[in-house]
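Derivation of every value follows stated rules applied to the coordinates shown; laboratory data play no part. What you see is a predicted model; the values in this text were computed from it and never measured. Cβ sites come from the backbone with ideal geometry, for glycine too, and all protein chains shown count toward neighbours.
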Amino acid sequence: MVDRPALGAKVRTLRRRRGVSQAALADKLGVSASYLNLIEHGKRPLPSPLLLKLAEVLELDLKELSSGGEARSAADLMELFGDPLFDGHELAAAEVRDLAHGSPGVARAVVALYHAYRGAKEAATTLAARISEGGVSELDSRLPTEEVSDLIQRHMNWFPELEEGAERLWRDARLEAANLQEALSAWLLREHGVQVRVEHAHDMGRAVRRFDRERRVLTLSEVLRRGSRNFQLAYQIGLLTQGAALDRHAADPHLTSAESRALSRVALANYFAAAVLLPYGPFLEAAREERNDVELLGHRFRASFEQTCHRLTTLRRPGAEGVPFHMVRIDIAGNISKHFSCSDLRFPRFGGMCARGALFGCFMTPGMIRTQLSEMPDGTRTFWVARTVRRESGGFHAPRTVHALALGCELQDAKRLVYADGVDLESREALVQVGPTCRLCDRMDCEQRAFPPLQHRLQIHEDVRGVSFYAPVEE
């Protein structure tokens, strides 16, 4: 729902964007210019009949009045204003929200400018190191991974054309879950003349999949388990059959580099592969029946823990939706390498995650499922399921990459998860107080605070120590 001030500001922005004066729009709507002025400044509501007429007059989709994008812009602005660069500037949260809602273009420009600043700063540091080592490289100011993550977020991780393509493949190739690898390999050979081979790990080097376009040979490494081999086969089919959809999304104007466009194709081909291995209808039915038991679903569909979690976040088909999940993955240093939010829950873009979150404890109990009830400073409560995931690429001497991955939902949906059995979801004592980032969190009693909060001045006491260096001590 859009609040009155945000909706009024949105109306004003759309009117100006279309070059219509306030008086002219008021005349077309059949209201006085003063009344429209009050609406635009959030002092009067916008009744439904007038809203529909406004949409007709300005020829706009009602989705344009949604505040989802502005809410994300406001969160991005609050996070970037947490940078010590802005210390000394009194920036109220209400002012930041007004900027995001009232001038969304300016808000996006500020975020882009900060991205450029961060990129330039990191580039300068890296450049200095490279020069000292005798080499120089060009660095972009905005990471392709961030642009592709934003693309997926804008689509709410739902790409119906890829879902339809996966369902069409099941029909055309007459796939059966029991022999998926054989059926996919046979389809590749029959329809595209692609031969599939499995090679020894030392012959593959560091690769687990290679496609020779000229020879039409797809080579897979022996280190891939059966489910992972199926995934790579489906991924290759996605590249060969879903080119139009991949190209259309890669042409998104928010993807500003060749690297971002290439990465978007890889990400969406992965989406297609997951839709093939875990077909929407059967997977949704199983998820409901087994109450989203990730490990059991993974065994049934021969998918990894991470692939299953990711697929659960894509169950967004209108009228046949699954639990609205969030998902985030970090490495042991706390770097976020994958994230998605199905609501207003925001993950840090410029800093690390809260150390109180469920993810970090996973590294102390690898392979074990951990659950957590958490509460954000704004009162949002989330139920989390977290576990480490490993990626292996060979034998004894091959590197083993370990990440922690968490799947979360709002508290009202937690009962739809088998992991909530026996958990008192109403318990205040069980709630773990977490925050967005240290700079934006105003909880001063946190013993794990790493930076002072933006909202409070740093107070140093030589003679008294609190729960953390940054926590003030009451006299």
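What separates the Cα centres of the range 191-205 and the range 3-46 is a distance of 62 Å.
The separation of the range 336-356 from the range 255-284, counted between C-alpha centres, amounts to 21 Å. Ranking His310, Pro348, Val432 by Cα position along the charge dipole of the chain, where only Lys, Arg, Asp and Glu carry charges on their C-beta atoms, puts His310 farthest toward the positive end.
The angle between the Cα long axis of helix 226-241 and the main principal axis of the chain comes to about 70°, on a 0 to 90 degree scale.
Evaluated with a Cβ-only charge set (Lys, Arg +1; Asp, Glu -1), the chain carries a dipole of roughly 1140 debye about its Cα centre, given to the nearest 20.
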